[in-house]
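Structure record follows, encoded as structure tokens.
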Amino acid sequence: MRLFLRVLSLMVVVTPAVTWFAWDGALVWPLFGGATLSFDVTPLASFFLLLLAMGAPLAALPMLRKEEPDWQLALFALLVLGMQGLLLAQDLVGFFIGWEIMTWSSWLLIVRSPRTDAGTAASYILFNLSAAFLLLAGLLGVYSLTGSFAIQALVDLTLAQGLVLVLLFGAAFLIKIGTLPLHLWIPRSYDQAPEPVTVVLSALVSKMGVYGLLLMLILFPEMPGRWFGDWLNGPLSGYGLAWIGVITSIVATFKAIAQDDMKRLLAYSSIGQLGYVTTAIGVGGALGISGALYHALVHTLVSLLLFISFAGIIAQTGQRRFNDLGELIYRMPISFFGVLIGIIALAGMPPLPGFASKFLIFVALIEAQWILLFAAVILSSAAAFLYCYKLIYAPFLGQANSPEARVAREAPWPYLIPQIILMGMLVGLGMFPGMGTALADPVLAALGLAPLDGPSLGTLATPYGGYDGVTLMLVFGIAFALVTALFYMLRGQLRRAGSRQDLSFAGEVPTPDQPLHYGAGMGRELRRIPLIGWILARSSSGFFSGLAERVERLAEHSSRLYPSQPWRWVQSFVVVFAVLLTWGLVRGGGL
């Protein structure tokens, strides 16, 4: 039975790939009263379906270990079905059904973890139910205005109608992405969820919020121009969204630097990277949307690689704090190269594709002449180098600070296989950066924007410049080979330190059991900088705690209205509803 359940779950996990390759024609299911559920693959859905098709099978491999419970893979299969359903949905009812399946299956994956406490489970479901109710209110609003649930352009809306719908849908999708201050549930959930589940939450589930934001460009095509006009060379309606993304990136980046837990650092890193995507969507235009799609693709691959790599480290050592790791480069070399490739792409350094996606975002900001935003993105991107360095230094270099780190072995194959595949995909996309823009071009055309149309897959081309990925990869590859060969030839002449405890030149002699690990405390000195110290000293949890207290007080006051017989309120509601229904029927119409 266990084997059958796992095989069935794996078959479901690969269905996005089958759908992406073999889908042919729309699928319509009649419901009632003329309503239908329709499914099809649009260019926008196709792009995100590709992310799901690549990521789902790789994320499932660590779940195949015998140590992982069977329910985990089964719930993941249900989660994949939900995400696939909302991507294929051509009406808001089908989209909402897929969204709810995704929400509840992901919550069950988190809440069944023995590490998940009641606060984390409550914060996850409260934030995500809030997103669901906002989404429900939005789709009902669309139906009240158009008489249809179809996902199509909503034209001739008044400014008030458009603003209400945009706020409802936008807030729902920003909660799923985790922009400030709606991110509170993400670090806690990523921290306490099982390691294979955290991979899915960061790499795949978060992209459904990005898909929703881009879907709003289809629902509200008049929003960028007619409603608010332009600010410099960009849409004024996107200027605020771009700032939300930038502030999210800056705050999350410095929060990540201050973390001593690997998973919490990666959680804040994920929030920051999706902040870049939010900013690019706010900029809009061909370059902005292409940069958002490209960075979503890169973030999917990097999140899969880094979270799986660190999941392997946790499985082999049982340690998650940087203080308890170190010197794993000799014992887990494949995982080391996985993290190395991941942080180079994450930091946006050439020759890997993170450089290409950030290049598009930078050029889009320059084209819009949003120079202050551009400077803020540069600040966030440069600061990200610090936590990227911490990710490679703390676990793999320095001194091993725990017995488990000193005897660790390489991660088992369910972790290594996806790492090797993802490393190859990142290197391939870095060598052929035009593949990313080629995948984004059909989406641009569907949104009425001019595709970038690069001259070749090996070239990233924009109206403001580009680069040849093959040449860049060869230059960096040759430089890496030369440096490696130099160290190999000089290996006999290099001196090893007799003892890591020999710090006599520093004026102190620590004891052998005293941990010496610069990577563990790295970033603490940044608190001395006023702005960074202010960011690190504050949290949105205080705001939501205060909000919860006010809601409790309001509930206490409201409870005084029906202290003894609450059933009478229910009876009164039924009577009022019956009267309104009768009145509507007598008039010959609906309510």
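Results, tabulated for the structure shown:
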quantity	calculated
Residues that are in contact with a Phe, Trp or Tyr (Cβ under 6 Å, 6 or more places away or on another chain) and within 22 Å of H299 (Cα to Cα), drawn from the stretch 16-49	F48, L49
Qualifying position, being open to solvent by less than 30 Å² (accessible area, probe 1.4 Å) and at pLDDT below 95, among D230, D261	D261
Number of positions in the stretch 47-76 that are more than 17 Å from I417 (Cβ to Cβ), open to solvent by 30 Å² or more (accessible area, probe 1.4 Å) and of a type outside the set (D, E)	3
Subset of the stretch 301-346 [open to solvent by less than 20 Å² (accessible area, probe 1.4 Å) and hydroxyl-bearing (S, T, Y)]	S303, S309, T317, S335
Lone unmet requirement of (1) out of contact with any Lys or Arg (no Cβ under 7 Å at 6 or more places or on another chain); (2) crowded, with 23+ Cβ neighbours inside 10 Å for A408	(1)
Residues of the stretch 159-201 satisfying the condition of being among the small types (G, A, S) and part of a loop (DSSP other than H, G, I, E, B)	G178, A193
Among (1) touching a residue at least 24 places away in the same chain (Cβ under 8 Å); (2) of a type outside the set (V, I, T); (3) farther than 28 Å from L447 by Cα; (4) open to solvent by less than 60 Å² (accessible area, probe 1.4 Å) - the single one A122 does not satisfy	(1)
Residue tally, condition touching a residue at least 24 places away in the same chain (Cβ under 8 Å), assigned to a loop (DSSP other than H, G, I, E, B) and touching a helix residue (DSSP H, G or I) at 6+ places or on another chain (Cβ under 8 Å), over the stretch 433-462	8
Any chance F149 is over 20 Å from the mean Cα position of the chain (by Cα) and among the aromatic types (F, W, Y)	yes
Matching residues, the stretch 1-43, being of a type in the set (S, T, N, Q) and part of a helix (DSSP H, G or I)	S9, T15, T19
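The values are calculated or read from the model by the stated rules, or taken from the named source; none is laboratory data. Being a predicted model, the structure only gives us computed values, none of them experimental. Cβ atoms come from the backbone with ideal geometry, glycine included; neighbour counts cover every protein chain shown. What goes into the accessible areas is simple: the full protein's heavy atoms, side chains included, and nothing from ligands, DNA or RNA. Shrake-Rupley method; radii C 1.70, N 1.55, O 1.52, S 1.80 Å.
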